[in-house]
Structures are given as structure tokens and as C-alpha cells.
1. So how do 9-20, 154-165, 80-91 stack up, highest first, on mean other-Cβ count within 10 Å?
2. What net charge do the residues around VAL19 carry, taking every other residue with its C-beta under 13 Å from that of VAL19, with Lys and Arg at +1 and Asp and Glu at -1?
3. Starting from the Cα-Cα distance between LYS148 and GLN163, subtract it from 0.36 nm times their residue separation and give me the gain in nm to one decimal.
4. Would you mind calculating the relative contact order of segment 1-73 from Cα pairs under 8 angstrom and at least 6 residues apart, reporting the percent as a whole number?
5. Modelling each spin label as a point 7 Å along the Cα-to-Cβ direction, I'd like the ALA61/ARG27 distance in nm, to one decimal.
Amino acid sequence: MKVDVITADSGPLILLAAVGRLDLLRRVGNVQIPDLVVMEATFPGAPGAETIRKWIRQGIADGLVSVPQTSTGELLRLARITKPDHQIKGAGERAIIDWLIDNIEQTNQAPMVVYENAKVRKAFRNYDSELHSAVFTTRAFLTLCEQKHYISCAASTWNELEQKFPSVYQRKDVFFSD
């Protein structure tokens, strides 16, 4: 059985799109990308926005990707009606935590959350007794993909990412909440 794979911020989508490996998310599990994360990742001018937009569209058509609506995402959508470039600080983390709290009972097993922003881990630690999830950095996610033989070498994929994004988050953390 595949796990629910949830992106907690736009970082994993941007990084995986940059190396042409968005497919890894769907190979590992059923992909859930909160609406707010989609807005961040596909915002005009965001790196890889069009690639990500096409991948999400195709994933929805194939039934392999879903974009759950969140109250935080709705607030941002409404704010952008009057101010198109409006941002909400920490909104991606809030949206994923809100969505998980509302939907955790419907999952058969702990969801896997993939993130790039270091604030995500802290946010999950604050809610750890409620969320019951496995939280992976993008780098740890690539290691998992290597272990599952979805890619031949996580290190080489990571090196390719570092070439494109020298300031990419370096940690290989995996955090399992109780």
C-alpha cells in the first residue's frame, strides 16, 4: 500500500522539478499538495512554475495527485483578488498542519511529509502528538527513493540540485512523530 505523500512547502516541488524528478513523489505514494503550496510553487516567476503546474494538472487527470483545499489557501486566494502579489508568512506550513489535523483520521497509515523549509520540522514538533506523520527533507526523500530503487544514486541527484540551488537546505533529517 502506498502512503500519502504530502508536500509541506513549495521547496520539494521546485527542487524535484529542477532535476526532472517530480515523478518520484507519485512513485512513493498518493500525492496531496495543499492548495496554498500549489499557489506558492506555481506563482508567476517561481522557479519551475510551469513544469510544476503541468505535472500537477496531469497528476490530477491521472488520479495520482490531489490538491486539498485549506482555509489558509482560501484566505490567500481572496487576498490576491485585491493584491495579486500578497503573501502570508509561514502559510505553507500552516496549511499542511491544518489539513493534516482535519484529515488524519481518514488515512490508513502515517502520511509522509516532504519539506525544504527548516521551519516545517519545528512546526511539526509542536503538533507531534496529533499529526502522527513521517517528516522528510527533500534530501532524505531522495535517499528513500534510492533505497526503493526508484533512482540509482541519491547523492548524484542531490549534487545536481546543489549545482542549480547552491543554498539548498543541507540536512538529511527524517522525523517520526508519535
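Taken together, the values in this text are just the output of simple stated rules run on the coordinates, not laboratory data. Since the model is a prediction, treat every value here as computed from it, not as a measurement. Quick reminder, even Gly has a Cβ in these numbers, built from the backbone with ideal geometry, and neighbours come from all protein chains shown.
1. Descending mean neighbour count gives 9-20, 154-165, 80-91.
2. Numbers: positive: ARG21, ARG139, LYS164; negative: ASP23, GLU160, GLU162.
So the environment of VAL19 carries a net charge of 0.
3. 2.9 nm
4. Normalised by residue count, the contact order of segment 1-73 is 36 percent.
5. Going from the ALA61 label point to the ARG27 one covers 2.2 nm.
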